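> Input: one structure, supplied below.
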Amino acid sequence: MTGKDTSPIDRLLSGIATRHVETVRDAWKELLADRAASVPVVTSKLASHAWEYNPRGPLPQYLGVLLSLLEELDAKAFGTEIDRLSATQLHPLHRKTVEILARRCREQPEMLVGPGIPVFVAAEIKDRAVVVRNIRTWSRTATPALSGVKRIDVVARHPQLDYLGLYNLFFSGIILTWPAESVRGPRLWFCRLDAEFNFYHEVGHHACGHIEGGSVAEQEQEANDFARRMMRKAHPILSSIVRAALFPFKPLLRPLIARLETADSSP
């Protein structure tokens, strides 16, 4: 069976599974061309019981993209489906996806940054004011690389989440994580630097046009390089001190640096 013989919704999901962005975008456009017919097709896919179980492979992406597509097709149907899914038994990772997307129709953003990008912070995060201040500062450093980003979500860190940051290329969104409980002292300092680097890393995927979502080593390296440049721009004095302090140990650290740069990191 050729690609033309399959339905747009099946081509969409196939494109997600294979990370073939052109297939996803073409199928997306075809589904939008006939909204009335596409809504029941999408909702039938969302009616699956697969969301109850441990997500494997592209399953988490399926849920997010299907809901995003439904929102664009029919905002009312999207709200109804969010309510239905929220009332069902969901795996924690899928529930996070539903909660993030639910904010599109239920919550006002905490603020707008860069070229009018809405920022949403999960209600369970106690240090919301700290997060808002940091995102505002980091976004100034990353401008104009933020051009084209549609939204930024900050969710509470959870053991089930396998990432500290994420770039969702299908709706050009950046997702960051932050501890739900209040963080103080040295831990806050390290947490803030870690989250800042992850923010720049995900912006780097967007700015560099990584259509694979950063799932390959070369793209991870490119996003890391972008993040390092942003960190040096944001913290010139600290960066100079760290480089000067580590310079004598550079030969000893080179194998470790090489190992870290080739290791898999969050997309």
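> Can you pull out every residue in region 1-32 that is open to solvent by less than 50 Å² (accessible area, probe 1.4 Å) and modelled with pLDDT under 85?
Those that are open to solvent by less than 50 Å² (accessible area, probe 1.4 Å) and modelled with pLDDT under 85: Gly3, Val21, Val24.
> Would it be correct to say that Ala142 is surrounded by 13 or more Cβ atoms within 10 Å (Cβ to Cβ), closer than 19 Å to Leu166 by Cα and without any contact (Cβ under 8 Å) to a residue 60 or more places away in the chain?
Here the answer is no, as Ala142 does not meet what is asked.
> Residues that are among the acidic types (Asp, Glu) and in contact (Cβ under 8 Å) with a residue 40 or more places away in the chain: does region 96-104 have at least one?
Yes: one or more hits.
> For region 33-74, name all the residues that are polar (S, T, N, Q), modelled with pLDDT of 95 or more and either open to solvent by 60 Å² or more (accessible area, probe 1.4 Å) or within 15 Å of Ser86 (Cα to Cα) (or both).
If the condition is that a residue be polar (S, T, N, Q), modelled with pLDDT of 95 or more and either open to solvent by 60 Å² or more (accessible area, probe 1.4 Å) or within 15 Å of Ser86 (Cα to Cα) (or both), then Thr43, Ser44 are the ones that fit.
> Those residues that are closer than 20 Å to Ser172 by Cα and at pLDDT 90 or above, I need them from region 75-93; list them, please.
Phe78
> Continuing with this model, one more query. Of the residues that sit in region 204-215 and are out of contact with any Phe, Trp or Tyr (no Cβ under 7 Å at 6 or more places or on another chain) and surrounded by 14 or more Cβ atoms within 10 Å (Cβ to Cβ), which one is modelled with the lowest pLDDT?
Glu212
The values are calculated or read from the model by the stated rules, or taken from the named source; none is laboratory data. Just so you know, these numbers come straight off a predicted model, no measurement behind them. Virtual Cβ from ideal backbone geometry, glycine too; neighbours counted across all protein chains shown. To get the accessible areas, we keep the full protein, side chains included, count just its heavy atoms, and leave off ligands, DNA and RNA. Shrake-Rupley method; radii C 1.70, N 1.55, O 1.52, S 1.80 Å.
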